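Shown next, in C-alpha coordinates, is the structure this report addresses.
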Amino acid sequence: MKRVAVLGGGPAGAFAAERLAAAGMKTVLFDEKLAWEKPCGGGLTFKAYQKYPFLIQNDTPKRFVKTTWMAAPGAGVTRMSLRQPMVIYSRLDLNRMLLERAERSGAQIEKARITHLERTASGWRLNTRTASLDADFCVVATGARNPLKDVGTQLTPHDTMHALGYYVSAEQEHIDIQFLPQLEGYIWVFPRCGHLSVGICGKGEPAQTLRARLEAYMREKEIPFKDATFYSHVLPSLAKPAWRSNRVAGPGWVAVGDAGGLVDPITGEGLYYAMRSGDLASQVVLASEHSPEEKPGAYRALLERDFAADLEFGSALAKRIFVGTFLLGSVPKRMVQFMRRSPRFNDLMQDLFSGTQPYLGLKERLLRNLHGTLLETAMNFLLSRVVPGET
Ligand SMILES: Cc1cc2nc3c(=O)[nH]c(=O)nc-3n(C[C@H](O)[C@H](O)[C@H](O)COP(=O)(O)OP(=O)(O)OC[C@H]3O[C@@H](n4cnc5c(N)ncnc54)[C@H](O)[C@@H]3O)c2cc1C
(Lines give C-alpha, C1' and ligand atoms only; values in the text may rest on other atoms or scores of the structure.)
Protein backbone atom coordinates (compact mmCIF):
# COMPACT_ATOMS: atom_id res chain seq x y z
CA MET A 1 0.00 0.00 0.00
CA LYS A 2 1.49 3.32 -1.08
CA ARG A 3 -1.04 5.98 -0.19
CA VAL A 4 -4.01 6.14 2.17
CA ALA A 5 -6.69 8.83 1.87
CA VAL A 6 -8.52 9.89 5.00
CA LEU A 7 -11.88 11.47 4.17
CA GLY A 8 -12.88 13.84 6.98
CA GLY A 9 -10.75 15.57 9.59
CA GLY A 10 -12.81 15.37 12.78
CA PRO A 11 -11.40 13.41 15.75
CA ALA A 12 -11.77 10.06 13.94
CA GLY A 13 -10.06 11.08 10.72
CA ALA A 14 -7.42 13.30 12.31
CA PHE A 15 -6.36 10.59 14.76
CA ALA A 16 -6.31 7.86 12.08
CA ALA A 17 -4.17 10.14 9.90
CA GLU A 18 -1.79 10.86 12.77
CA ARG A 19 -1.27 7.16 13.45
CA LEU A 20 -0.85 6.23 9.79
CA ALA A 21 1.58 9.05 9.05
CA ALA A 22 3.57 8.43 12.23
CA ALA A 23 4.13 4.85 11.05
CA GLY A 24 5.52 6.12 7.75
CA MET A 25 2.44 5.66 5.56
CA LYS A 26 1.91 8.33 2.93
CA THR A 27 -1.35 9.84 4.18
CA VAL A 28 -3.57 12.57 2.74
CA LEU A 29 -6.44 13.93 4.83
CA PHE A 30 -9.29 15.91 3.25
CA ASP A 31 -11.76 18.01 5.21
CA GLU A 32 -14.01 20.63 3.72
CA LYS A 33 -13.76 22.84 6.82
CA LEU A 34 -10.74 21.58 8.77
CA ALA A 35 -10.99 22.76 12.41
CA TRP A 36 -14.53 23.96 13.20
CA GLU A 37 -16.99 24.21 16.08
CA LYS A 38 -18.80 20.97 15.27
CA PRO A 39 -22.07 20.78 17.27
CA CYS A 40 -21.05 18.86 20.38
CA GLY A 41 -20.84 18.96 24.16
CA GLY A 42 -17.08 18.46 23.84
CA GLY A 43 -16.92 16.22 26.93
CA LEU A 44 -14.16 13.62 27.16
CA THR A 45 -14.44 10.86 29.73
CA PHE A 46 -11.67 9.49 31.91
CA LYS A 47 -11.62 6.40 29.66
CA ALA A 48 -10.57 8.64 26.75
CA TYR A 49 -7.70 10.47 28.42
CA GLN A 50 -6.54 7.37 30.27
CA LYS A 51 -6.09 5.68 26.90
CA TYR A 52 -4.71 8.79 25.18
CA PRO A 53 -3.01 10.92 27.87
CA PHE A 54 -2.04 13.63 25.38
CA LEU A 55 -5.70 14.68 25.60
CA ILE A 56 -4.95 16.26 28.98
CA GLN A 57 -1.20 16.80 28.60
CA ASN A 58 -1.30 19.76 26.24
CA ASP A 59 -1.66 23.56 26.17
CA THR A 60 -5.01 23.62 24.40
CA PRO A 61 -7.74 25.39 26.45
CA LYS A 62 -10.03 22.94 28.26
CA ARG A 63 -12.03 22.60 31.47
CA PHE A 64 -11.58 19.88 34.10
CA VAL A 65 -14.94 19.42 35.79
CA LYS A 66 -15.13 17.53 39.06
CA THR A 67 -18.83 17.62 39.96
CA THR A 68 -21.97 16.42 38.22
CA TRP A 69 -25.49 17.20 39.34
CA MET A 70 -27.94 14.58 38.16
CA ALA A 71 -31.68 15.25 38.27
CA ALA A 72 -34.83 13.33 37.37
CA PRO A 73 -38.52 14.19 37.64
CA GLY A 74 -39.83 13.22 41.07
CA ALA A 75 -36.37 12.58 42.51
CA GLY A 76 -34.79 16.03 42.72
CA VAL A 77 -31.06 16.45 42.27
CA THR A 78 -28.10 14.44 43.51
CA ARG A 79 -24.50 15.66 43.43
CA MET A 80 -21.74 13.33 42.32
CA SER A 81 -18.12 14.24 43.06
CA LEU A 82 -16.17 12.74 40.20
CA ARG A 83 -13.09 10.76 41.22
CA GLN A 84 -11.84 11.36 37.70
CA PRO A 85 -12.80 14.73 36.24
CA MET A 86 -14.51 15.12 32.92
CA VAL A 87 -12.47 17.15 30.43
CA ILE A 88 -14.41 19.55 28.24
CA TYR A 89 -13.09 21.19 25.09
CA SER A 90 -14.54 23.51 22.51
CA ARG A 91 -14.60 21.44 19.35
CA LEU A 92 -12.76 24.10 17.40
CA ASP A 93 -9.84 23.76 19.83
CA LEU A 94 -9.96 19.96 20.00
CA ASN A 95 -10.19 19.50 16.24
CA ARG A 96 -7.40 21.99 15.65
CA MET A 97 -5.12 20.22 18.13
CA LEU A 98 -5.78 16.81 16.53
CA LEU A 99 -5.23 18.11 12.99
CA GLU A 100 -1.97 19.78 14.03
CA ARG A 101 -0.80 16.51 15.55
CA ALA A 102 -1.62 14.70 12.30
CA GLU A 103 0.28 17.29 10.28
CA ARG A 104 3.28 17.12 12.62
CA SER A 105 3.34 13.34 12.14
CA GLY A 106 3.68 13.85 8.42
CA ALA A 107 0.10 13.69 7.11
CA GLN A 108 -0.72 15.99 4.19
CA ILE A 109 -3.76 18.06 5.15
CA GLU A 110 -6.03 19.39 2.39
CA LYS A 111 -8.93 21.75 2.88
CA ALA A 112 -11.31 20.31 0.30
CA ARG A 113 -14.63 18.49 0.06
CA ILE A 114 -14.58 15.03 -1.48
CA THR A 115 -17.34 15.19 -4.05
CA HIS A 116 -16.97 11.76 -5.62
CA LEU A 117 -15.32 8.45 -4.90
CA GLU A 118 -14.74 5.81 -7.54
CA ARG A 119 -13.22 2.32 -7.38
CA THR A 120 -10.36 1.75 -9.84
CA ALA A 121 -8.34 -1.36 -10.70
CA SER A 122 -5.67 -0.48 -8.15
CA GLY A 123 -7.68 1.40 -5.50
CA TRP A 124 -9.64 4.64 -5.57
CA ARG A 125 -9.96 7.84 -7.56
CA LEU A 126 -11.09 10.72 -5.34
CA ASN A 127 -12.50 13.94 -6.72
CA THR A 128 -12.69 17.35 -5.12
CA ARG A 129 -14.23 20.33 -6.92
CA THR A 130 -10.89 21.23 -8.46
CA ALA A 131 -8.68 18.14 -8.50
CA SER A 132 -8.51 14.36 -8.38
CA LEU A 133 -6.18 12.00 -6.59
CA ASP A 134 -5.53 8.25 -6.56
CA ALA A 135 -5.22 6.30 -3.32
CA ASP A 136 -4.82 2.63 -2.47
CA PHE A 137 -7.12 2.65 0.56
CA CYS A 138 -9.73 4.98 2.10
CA VAL A 139 -10.48 5.70 5.73
CA VAL A 140 -14.00 7.14 5.74
CA ALA A 141 -14.35 9.69 8.54
CA THR A 142 -17.03 11.99 7.18
CA GLY A 143 -19.20 11.97 10.32
CA ALA A 144 -22.88 11.29 10.92
CA ARG A 145 -23.95 13.25 7.83
CA ASN A 146 -21.67 11.22 5.57
CA PRO A 147 -22.51 12.33 2.03
CA LEU A 148 -20.63 9.40 0.39
CA LYS A 149 -23.47 6.94 -0.09
CA ASP A 150 -21.48 3.85 -1.10
CA VAL A 151 -19.27 3.71 1.98
CA GLY A 152 -19.95 3.92 5.73
CA THR A 153 -22.93 3.07 7.93
CA GLN A 154 -26.37 3.40 6.37
CA LEU A 155 -28.10 5.27 9.17
CA THR A 156 -31.91 4.94 9.34
CA PRO A 157 -34.12 7.10 11.63
CA HIS A 158 -34.16 4.14 14.08
CA ASP A 159 -30.39 4.41 14.35
CA THR A 160 -30.02 8.11 15.06
CA MET A 161 -31.12 10.73 17.51
CA HIS A 162 -31.39 14.47 17.19
CA ALA A 163 -28.99 16.46 19.30
CA LEU A 164 -29.24 20.23 19.55
CA GLY A 165 -28.58 23.09 21.88
CA TYR A 166 -27.07 26.49 22.56
CA TYR A 167 -23.64 27.88 23.30
CA VAL A 168 -24.39 30.27 26.14
CA SER A 169 -22.11 32.99 27.40
CA ALA A 170 -22.21 32.05 31.10
CA GLU A 171 -20.12 30.27 33.71
CA GLN A 172 -20.72 27.39 36.10
CA GLU A 173 -18.47 24.92 37.88
CA HIS A 174 -20.45 21.68 37.56
CA ILE A 175 -22.05 19.54 34.86
CA ASP A 176 -25.85 19.21 34.90
CA ILE A 177 -27.56 16.09 33.61
CA GLN A 178 -31.35 16.29 33.57
CA PHE A 179 -33.62 13.36 32.66
CA LEU A 180 -37.09 14.21 31.36
CA PRO A 181 -40.41 12.36 31.40
CA GLN A 182 -40.75 9.86 28.56
CA LEU A 183 -37.58 10.93 26.77
CA GLU A 184 -35.02 8.44 25.47
CA GLY A 185 -32.29 10.99 25.99
CA TYR A 186 -31.35 13.80 28.34
CA ILE A 187 -30.37 17.44 28.76
CA TRP A 188 -26.80 18.42 29.55
CA VAL A 189 -25.08 21.61 30.67
CA PHE A 190 -21.33 21.39 30.09
CA PRO A 191 -19.09 24.22 31.30
CA ARG A 192 -16.41 25.08 28.75
CA CYS A 193 -13.75 27.79 28.75
CA GLY A 194 -15.74 31.02 28.57
CA HIS A 195 -19.15 29.54 27.79
CA LEU A 196 -21.58 26.68 28.38
CA SER A 197 -22.69 24.02 25.92
CA VAL A 198 -26.33 23.40 26.84
CA GLY A 199 -28.04 20.70 24.84
CA ILE A 200 -30.53 17.90 24.53
CA CYS A 201 -30.45 14.57 22.72
CA GLY A 202 -33.39 12.29 22.19
CA LYS A 203 -34.45 9.36 20.08
CA GLY A 204 -37.81 9.12 18.31
CA GLU A 205 -38.80 12.75 18.90
CA PRO A 206 -38.84 15.55 16.33
CA ALA A 207 -36.17 18.21 16.69
CA GLN A 208 -38.79 20.95 17.34
CA THR A 209 -40.17 19.05 20.33
CA LEU A 210 -36.69 18.53 21.73
CA ARG A 211 -35.92 22.20 21.27
CA ALA A 212 -39.14 23.15 23.09
CA ARG A 213 -38.22 20.82 25.97
CA LEU A 214 -34.73 22.32 26.16
CA GLU A 215 -35.97 25.91 26.07
CA ALA A 216 -38.50 25.17 28.82
CA TYR A 217 -35.65 23.82 30.95
CA MET A 218 -33.43 26.82 30.20
CA ARG A 219 -36.23 29.23 31.09
CA GLU A 220 -36.83 27.38 34.36
CA LYS A 221 -33.11 27.43 35.21
CA GLU A 222 -32.78 31.05 34.03
CA ILE A 223 -30.13 30.16 31.45
CA PRO A 224 -30.40 32.93 28.84
CA PHE A 225 -30.65 31.72 25.25
CA LYS A 226 -32.15 34.65 23.33
CA ASP A 227 -28.81 35.78 21.87
CA ALA A 228 -27.05 32.43 22.21
CA THR A 229 -25.77 30.48 19.17
CA PHE A 230 -28.03 27.55 18.32
CA TYR A 231 -26.57 24.23 17.09
CA SER A 232 -28.09 21.01 15.85
CA HIS A 233 -26.73 17.77 14.40
CA VAL A 234 -27.42 14.06 13.98
CA LEU A 235 -26.09 11.64 16.57
CA PRO A 236 -25.73 7.97 15.58
CA SER A 237 -27.49 5.70 18.07
CA LEU A 238 -27.59 2.26 16.50
CA ALA A 239 -30.48 0.00 17.50
CA LYS A 240 -29.43 -3.56 18.35
CA PRO A 241 -30.08 -5.13 14.91
CA ALA A 242 -28.07 -2.37 13.21
CA TRP A 243 -24.89 -3.38 15.06
CA ARG A 244 -25.06 -6.78 13.31
CA SER A 245 -25.60 -5.40 9.81
CA ASN A 246 -23.43 -2.31 10.28
CA ARG A 247 -21.63 -1.41 7.02
CA VAL A 248 -18.43 -0.39 8.71
CA ALA A 249 -15.91 -1.73 6.17
CA GLY A 250 -15.74 -3.01 2.60
CA PRO A 251 -13.25 -3.65 -0.20
CA GLY A 252 -10.58 -0.98 0.04
CA TRP A 253 -12.20 1.06 2.84
CA VAL A 254 -13.01 1.20 6.55
CA ALA A 255 -15.31 3.69 8.30
CA VAL A 256 -14.35 5.31 11.60
CA GLY A 257 -16.21 7.41 14.18
CA ASP A 258 -19.73 8.64 13.39
CA ALA A 259 -19.42 7.53 9.76
CA GLY A 260 -19.32 3.99 11.17
CA GLY A 261 -22.15 4.62 13.68
CA LEU A 262 -19.64 4.18 16.52
CA VAL A 263 -21.32 6.10 19.34
CA ASP A 264 -22.50 4.96 22.77
CA PRO A 265 -26.26 4.49 22.29
CA ILE A 266 -26.98 5.43 25.93
CA THR A 267 -24.75 8.40 26.70
CA GLY A 268 -24.13 9.64 23.15
CA GLU A 269 -20.38 9.59 23.83
CA GLY A 270 -18.71 9.60 20.43
CA LEU A 271 -15.36 11.35 20.83
CA TYR A 272 -13.60 8.41 22.46
CA TYR A 273 -15.02 5.92 19.96
CA ALA A 274 -14.08 8.22 17.06
CA MET A 275 -10.46 8.29 18.19
CA ARG A 276 -10.36 4.66 19.22
CA SER A 277 -11.77 3.48 15.89
CA GLY A 278 -9.31 5.75 14.08
CA ASP A 279 -6.54 4.09 16.04
CA LEU A 280 -7.82 0.55 15.34
CA ALA A 281 -8.36 1.34 11.66
CA SER A 282 -4.78 2.55 11.35
CA GLN A 283 -3.52 -0.68 12.96
CA VAL A 284 -5.43 -2.78 10.43
CA VAL A 285 -4.36 -0.67 7.48
CA LEU A 286 -0.72 -0.90 8.54
CA ALA A 287 -0.74 -4.61 9.49
CA SER A 288 1.28 -6.58 6.98
CA GLU A 289 -0.26 -9.90 8.07
CA HIS A 290 -3.60 -8.95 6.49
CA SER A 291 -3.96 -8.92 2.71
CA PRO A 292 -6.03 -6.01 1.35
CA GLU A 293 -9.00 -8.40 1.01
CA GLU A 294 -8.70 -9.42 4.66
CA LYS A 295 -8.57 -5.90 6.07
CA PRO A 296 -12.35 -5.21 6.28
CA GLY A 297 -12.92 -8.46 8.21
CA ALA A 298 -9.93 -7.84 10.46
CA TYR A 299 -11.21 -4.33 11.28
CA ARG A 300 -14.73 -5.60 12.07
CA ALA A 301 -13.27 -8.26 14.40
CA LEU A 302 -11.03 -5.75 16.15
CA LEU A 303 -13.89 -3.29 16.70
CA GLU A 304 -16.12 -6.06 18.05
CA ARG A 305 -13.47 -7.15 20.56
CA ASP A 306 -12.50 -3.65 21.59
CA PHE A 307 -15.86 -1.94 22.17
CA ALA A 308 -18.58 -2.70 19.59
CA ALA A 309 -19.93 -5.76 21.44
CA ASP A 310 -20.31 -3.62 24.55
CA LEU A 311 -22.10 -0.82 22.71
CA GLU A 312 -24.36 -3.38 21.04
CA PHE A 313 -25.33 -4.67 24.49
CA GLY A 314 -25.87 -1.06 25.62
CA SER A 315 -28.24 -0.48 22.71
CA ALA A 316 -30.56 -3.16 24.10
CA LEU A 317 -30.62 -1.36 27.47
CA ALA A 318 -31.03 2.23 26.28
CA LYS A 319 -34.80 2.44 26.09
CA ARG A 320 -35.22 0.67 29.42
CA ILE A 321 -32.83 3.03 31.14
CA PHE A 322 -34.50 6.23 29.94
CA VAL A 323 -38.19 5.33 29.77
CA GLY A 324 -38.50 2.03 31.66
CA THR A 325 -39.94 1.61 35.12
CA PHE A 326 -38.31 -0.04 38.11
CA LEU A 327 -40.01 -0.66 41.47
CA LEU A 328 -43.04 1.35 40.29
CA GLY A 329 -41.04 4.47 39.45
CA SER A 330 -39.20 5.65 36.34
CA VAL A 331 -35.67 4.26 36.03
CA PRO A 332 -34.03 7.74 36.04
CA LYS A 333 -35.95 8.59 39.22
CA ARG A 334 -34.79 5.36 40.88
CA MET A 335 -31.21 5.92 39.70
CA VAL A 336 -31.08 9.37 41.30
CA GLN A 337 -32.67 8.05 44.51
CA PHE A 338 -30.29 5.04 44.72
CA MET A 339 -27.29 7.29 44.08
CA ARG A 340 -28.32 9.42 47.03
CA ARG A 341 -28.81 6.45 49.34
CA SER A 342 -26.24 3.88 48.32
CA PRO A 343 -22.49 4.59 48.17
CA ARG A 344 -22.05 1.43 46.12
CA PHE A 345 -24.61 2.48 43.57
CA ASN A 346 -22.98 5.91 43.48
CA ASP A 347 -19.64 4.23 42.73
CA LEU A 348 -21.26 2.24 39.94
CA MET A 349 -22.72 5.39 38.39
CA GLN A 350 -19.35 7.14 38.68
CA ASP A 351 -17.72 4.32 36.77
CA LEU A 352 -20.42 4.35 34.11
CA PHE A 353 -19.94 8.11 33.83
CA SER A 354 -16.17 7.88 33.51
CA GLY A 355 -16.48 5.04 30.98
CA THR A 356 -14.63 2.45 33.08
CA GLN A 357 -17.68 0.22 33.72
CA PRO A 358 -18.59 -1.69 30.54
CA TYR A 359 -22.29 -2.41 29.98
CA LEU A 360 -21.41 -6.09 29.55
CA GLY A 361 -20.07 -6.24 33.11
CA LEU A 362 -23.10 -4.60 34.75
CA LYS A 363 -24.76 -7.89 35.60
CA GLU A 364 -21.71 -9.22 37.49
CA ARG A 365 -21.27 -5.94 39.30
CA LEU A 366 -24.91 -5.88 40.42
CA LEU A 367 -24.59 -9.50 41.53
CA ARG A 368 -21.65 -8.55 43.71
CA ASN A 369 -23.28 -5.44 45.14
CA LEU A 370 -27.01 -5.95 45.58
CA HIS A 371 -28.83 -8.55 47.64
CA GLY A 372 -32.20 -10.26 47.98
CA THR A 373 -35.30 -8.93 46.33
CA LEU A 374 -33.63 -5.83 44.98
CA LEU A 375 -31.09 -7.98 43.17
CA GLU A 376 -33.82 -10.18 41.73
CA THR A 377 -35.78 -7.17 40.50
CA ALA A 378 -32.66 -5.56 39.07
CA MET A 379 -31.72 -8.76 37.24
CA ASN A 380 -35.19 -9.14 35.76
CA PHE A 381 -35.01 -5.56 34.64
CA LEU A 382 -31.56 -5.85 33.13
CA LEU A 383 -31.94 -9.21 31.48
CA SER A 384 -35.58 -9.33 30.35
CA ARG A 385 -35.46 -9.44 26.59
CA VAL A 386 -38.84 -8.11 25.48
CA VAL A 387 -39.96 -4.60 26.28
CA PRO A 388 -43.08 -3.34 24.47
CA GLY A 389 -42.12 -0.94 21.71
CA GLU A 390 -38.42 -1.74 21.93
CA THR A 391 -36.67 -2.19 18.59
C1 LIG B 1 -25.03 17.93 19.97
C2 LIG B 1 -24.01 16.84 20.16
C3 LIG B 1 -23.34 16.76 21.37
C4 LIG B 1 -22.33 15.79 21.55
N5 LIG B 1 -21.63 15.78 22.72
C6 LIG B 1 -20.64 14.87 22.88
C7 LIG B 1 -19.83 14.89 24.05
O8 LIG B 1 -19.97 15.74 24.91
N9 LIG B 1 -18.88 13.93 24.18
C10 LIG B 1 -18.68 12.99 23.23
O11 LIG B 1 -17.82 12.12 23.42
N12 LIG B 1 -19.40 12.98 22.09
C13 LIG B 1 -20.36 13.90 21.87
N14 LIG B 1 -21.06 13.92 20.70
C15 LIG B 1 -20.66 13.02 19.61
C16 LIG B 1 -19.42 13.56 18.87
O17 LIG B 1 -19.63 14.92 18.52
C18 LIG B 1 -19.15 12.75 17.62
O19 LIG B 1 -19.23 11.37 17.95
C20 LIG B 1 -17.76 13.04 17.04
O21 LIG B 1 -17.70 14.36 16.53
C22 LIG B 1 -17.44 12.07 15.91
O23 LIG B 1 -16.21 12.43 15.32
P24 LIG B 1 -15.97 12.09 13.78
O25 LIG B 1 -14.59 12.51 13.48
O26 LIG B 1 -16.40 10.72 13.49
O27 LIG B 1 -17.00 13.03 12.98
P28 LIG B 1 -17.11 14.60 12.90
O29 LIG B 1 -16.58 15.23 14.10
O30 LIG B 1 -18.50 14.90 12.48
O31 LIG B 1 -16.12 14.97 11.69
C32 LIG B 1 -16.44 14.66 10.36
C33 LIG B 1 -15.64 15.61 9.46
O34 LIG B 1 -15.81 15.22 8.10
C35 LIG B 1 -15.85 16.37 7.30
N36 LIG B 1 -16.53 15.99 6.06
C37 LIG B 1 -17.79 15.52 5.91
N38 LIG B 1 -18.02 15.23 4.62
C39 LIG B 1 -16.89 15.52 3.94
C40 LIG B 1 -16.51 15.44 2.56
N41 LIG B 1 -17.35 14.98 1.63
N42 LIG B 1 -15.27 15.82 2.22
C43 LIG B 1 -14.41 16.30 3.15
N44 LIG B 1 -14.72 16.39 4.46
C45 LIG B 1 -15.94 16.02 4.83
C46 LIG B 1 -16.58 17.41 8.15
O47 LIG B 1 -16.24 18.71 7.77
C48 LIG B 1 -16.10 17.06 9.55
O49 LIG B 1 -15.01 17.87 9.95
C50 LIG B 1 -22.06 14.87 20.51
C51 LIG B 1 -22.76 14.94 19.30
C52 LIG B 1 -23.72 15.93 19.12
C53 LIG B 1 -24.44 16.01 17.80
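Some points to look at:
- Filtered residues of segment 12-57 (kept if more than 14 Å from the ligand (Cβ to nearest atom), touching a helix residue (DSSP H, G or I) at 6+ places or on another chain (Cβ under 6 Å) and within 27 Å of L82 (Cβ to Cβ)): I56
- The requirement of being basic (K, R) and in a strand (DSSP E or B) is not satisfied by R129.
- Applying the condition of being acidic (D, E) and more than 22 Å from D279 (Cα to Cα) to segment 117-146 and asking which residue is farthest from the ligand (Cβ to nearest atom) yields D134.
- Entry remark, segment 97-126: residues being in contact with a helix residue (DSSP H, G or I) (Cβ under 7 Å, 6 or more places away or on another chain) and in a strand (DSSP E or B) number 1 in total.
- Test: residue in segment 183-202 that is away from the ligand (no atom under 14 Å from the Cβ), farther than 23 Å from L92 by Cβ, open to solvent by 50 Å² or more (accessible area, probe 1.4 Å) and not in a strand (DSSP E or B): no
- Filtering E215, E173, E222 for residues that are open to solvent by 30 Å² or more (accessible area, probe 1.4 Å) and not in a loop (DSSP other than H, G, I, E, B) leaves a single hit, E215.
- First in segment 11-25 and at pLDDT below 95, second anywhere and not in a loop (DSSP other than H, G, I, E, B), Cβ under 6 Å, 6 or more apart: none
- Candidates A163, A144, filtered to the one that is assigned to a loop (DSSP other than H, G, I, E, B) and hydrophobic (A, V, I, L, M, F, W, C): A144
- L155 being in a loop (DSSP other than H, G, I, E, B) and of a type outside the set (S, T, Y): yes
- Of the helices (runs of 4 or more DSSP H) that lie entirely inside segment 234-309, those containing 3 or more residues that are within 16 Å of the ligand (Cβ to nearest atom) and closer than 17 Å to G152 by Cβ span 271-286.
The values are calculated or read from the model by the stated rules, or taken from the named source; none is laboratory data. All of these numbers come straight from a predicted model, not from anything done at the bench. Cβ sites come from the backbone with ideal geometry, for glycine too, and all protein chains shown count toward neighbours. For accessibility, only protein heavy atoms count, side chains too; no ligands or nucleic acids. Shrake-Rupley method; radii C 1.70, N 1.55, O 1.52, S 1.80 Å.
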